[in-house]
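What follows is a short report on a single structure.
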Amino acid sequence: MSLRQMKKLYKNVAPSIVQIEDSESDEEDSGNSTVCNSFDVLKLSSEPESEAESDHDFSNEENPDLHEEKKDKKAGNKKNKKKSKTVEQENPSEDDIDLAVNEINKEYGEAGVETTESDPRRDVPTRNSLFTINRKHIYAKNEELRFFGPEEDENGRRKKPKETKTVLKNQITSNVGISNVKGIYMTILDSKDGYTYFVYNHTKEYRQRHEMLLNQMHHIQPRFGIELHAESFKNMHVEAMMLSFAQFCLSDSYDQATMVMEHIICHLQYMAHPFFNITNKQHRLEFKYIENIIFHVALLQYSHMLSRKACHRTALELAKVLLNLDPRDPLAVILIIDKFAINAKEYSWLIDAIDSMAEKDVKYMFNIKYSYALAHYHVAMQNKEDLKKADELLKKALLLFPSLPKLLIPAREQRDEAVKRLLAHPMYNELASRSISQPLHELTLLYAACMQPRWREPAAMQWFVRNALELMDQYDAEPLIRAKYEHKTNVRQTLFRLWPAPVARHLCVIKPMANWLVDGAVPEPPFYEFVHVINPVPDSRTVNRYNYDYPPSFLMSG
């Protein structure tokens, strides 16, 4: 085949390919028209296969010789052999093919997918792509199956995993909470700027039950125990069920607490609007509406429970769901998203996520500073790269929050003479403790309790101690480091002088679970009562559409 014949052939094929790609993109855009580049990663993984199929179909349609080959194949092999030899002789050289392709690209433009894949170095992913929800990671049973495998029978042979039938879209728990009891339901509140806003609603009977519960809170403590538990399940009153969950946690009845939580989440999903999709980043369920709060609280508590069961990847995915439902982060998910990512070994994701966040949101978050450095350390170790970047980040974290070494270094390491000298040094001792507010001190204790297992891994602890010693020696020898330390001290004294409302909400939500999660290390916000779990720290933005009369104790100081 001559070069001119190839030009004619590709000239007929190329416009059709371009048209097919455009139609595919139109179909994808029609499903989510508000954000055109939300699924760029999915496009990269799916388009090459579709292109290969389309090229195959076009070659059959445009080249009549291939049709003749199929018709004459049964007629005789000799004719086909002669024909194949002729084709082989007429095939142009590789240089001619490259030249033809280059000319076609000049005329019609290069394919978009090839251009993207040809560049191995990509920019930092956008926040939109980083917080895309992976459907298979929101169901904890999938992660348990990956870790532990299927169950074994009496003979030690593995059972085939049971096919879990779900009746809900993107179901988080099993079908334990399916109930036809009417009371709470979801509607579309508004649609604007490409986002759809949903809200839960209460029926008249549900409002009466809820007002009775609040009335008990005004005068006496609610009737906790078997009576309230049975009544709340009968009526599927999710706020009362949440109080039962808190009571089970306080009494260390964790199996019953898990059962109640799974019922709450399943029922809330079952009563959601048919169009509501927790994996859709354009769907909002704002925390400011009192009726929506219970869903946010349940997801946060459930993510902590899953992380306690070592289902860290599922917990991370649910944390991303919370940030998508209300990007204002009213429950301070930023306090624990680094813990979930580090424990799930999603180091690169955590680095990209922090890089994509606004500096004002993470600049003075102690947990983000330390976990960011730890993630860089693990990435460098995995790639066998230099630790210079990780060292620099860790020393910056130590300068701003120098009280962590005493909390993270285990007792066995403190016998070493160098470590003894480190912990006795003023910059990690009296100067660090004197310049920290009480809320910040309690939050660092919580961080240390959550992250000690990862920081105390031998290699990571050795790297941590080395950097802390180097910074200590620089502090003694260099006036510039001492000046930086003084500046950071002044900054540190202004942090967390009072409890920020999102942080106080987070602590109210997990305080009943303190013994379950971190052996009681969860700080107690001022004026805390465990009933606050159903509506933690309302503020001026809170929308009380049904004029529920919450007790004054719910209005905590923030």
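The values are calculated or read from the model by the stated rules, or taken from the named source; none is laboratory data. None of these values were measured; they are calculated from a predicted model. Cβ: placed from backbone, ideal geometry, glycine included. Neighbour counts: every protein chain shown. Each accessible area value is taken on the protein alone, full model and side chains, heavy atoms only, with ligands, DNA and RNA left out. Shrake-Rupley method; radii C 1.70, N 1.55, O 1.52, S 1.80 Å.
Computed with every protein chain present, the accessible area of Asp255 is close to 130 Å² [probe 1.4 Å]. Would you work out if the stretch 379-517 is rounded, prolate or oblate? Take a ≥ b ≥ c from the square roots of the eigenvalues of the alpha-carbon gyration tensor; rounded if a/c is under 1.5, else prolate when a/b is larger than b/c, oblate otherwise. In terms of gyration-tensor shape, oblate. At a probe radius of 1.4 angstrom, the accessible area of the stretch 494-555 per residue rounds to 43 square angstrom.
Between Ser356 and Asn134, 0.36 nm times their residue separation minus their Cα-Cα distance comes to what?
78.0 nm
Taking 0.36 nm per residue of separation and subtracting the Cα-Cα distance, full extension of the segment from Asn429 to Asp255 would add 58.5 nm. Between amide H atoms placed 1.01 Å from N, distances below 5 Å from Met186 occur with Asn201, His273, all of them 5 or more places distant or on a separate chain.
Taking square-rooted eigenvalues a ≥ b ≥ c of the alpha carbon gyration tensor, is the stretch 449-558 rounded, prolate or oblate, where a/c under 1.5 means rounded and, failing that, a/b exceeding b/c means prolate? Here the stretch 449-558 falls in the oblate category.
Put simply, when 313-319, 489-495, 529-535 are sorted by average Cβ atoms within 10 angstrom per residue, most first, you get 313-319, 529-535, 489-495.
Remark: the stretch 135-145, residue by residue, has Karplus-estimated 3J(HN,Hα) of 4, 6, 9, 9, 10, 5, 4, 5, 5, 4, 5 Hz, where x stands for each Gly or Pro and the curve is 6.51 cos²θ - 1.76 cosθ + 1.60 at θ = phi - 60°.
Computed from phi, the 3J(HN,Hα) profile of the stretch 326-339 under the Karplus parametrisation 6.51, -1.76, 1.60 (θ = phi - 60°) reads 8, x, 5, 6, x, 10, 6, 4, 4, 5, 10, 5, 5, 4 Hz, with x in place of Gly and Pro. Quick one: grab the alpha carbon gyration tensor of the stretch 330-449, order the square roots of its eigenvalues as a ≥ b ≥ c, and give me rounded if a/c is under 1.5, else prolate or oblate depending on whether a/b is larger than b/c. Cα axes put the stretch 330-449 in the oblate bin. Per-residue 3J(HN,Hα) values for the stretch 380-388, derived from phi via the Karplus relation 6.51 cos²θ - 1.76 cosθ + 1.60 with θ = phi - 60°, read 5, 5, 5, 8, 6, 9, 5, 8, 4 Hz in sequence order (x marks Gly and Pro).
Largest accessible area first, the listed residues Tyr206, Tyr528, Tyr364 line up as Tyr364, Tyr528, Tyr206 when surface is computed with a 1.4 Å probe on the assembled protein chains.
The simple spin-label model puts a point 7 Å past each Cα toward its Cβ; for Gln414 and Asn383 those points are separated by 3.7 nm. Sorting Glu442, Glu430 by accessible area puts them as Glu430, Glu442; the probe is 1.4 Å, largest comes first, and only protein heavy atoms count.
Taking a sphere under 12 Å around the Cβ of Thr258 and counting the other residues whose Cβ falls inside, with K and R at +1 and D and E at -1, yields a net charge of 0. Distances between placed amide hydrogens fall under 5 Å for Glu286 paired with Phe198, all partners being 5 or more residues away or on another chain. Once backbone amide H atoms are built at 1.01 Å from N, Val543 has Tyr289, Ile290 as its partners under 5 Å, excluding neighbours fewer than 5 places away on the same chain. On a per residue basis, the stretch 346-436 carries 47 Å² of accessible surface, using protein heavy atoms and a 1.4 Å probe.
Working ranking of peptides 370-376, 537-543 by packing, defined as the average number of other Cβ atoms within 10 Å per residue, highest first, is 370-376, 537-543.
How large, in percent, is the carbon and sulfur part of the accessible surface of the stretch 189-333 at a probe radius of 1.4 Å? So the carbon and sulfur contribution to the accessible surface is 50 percent.
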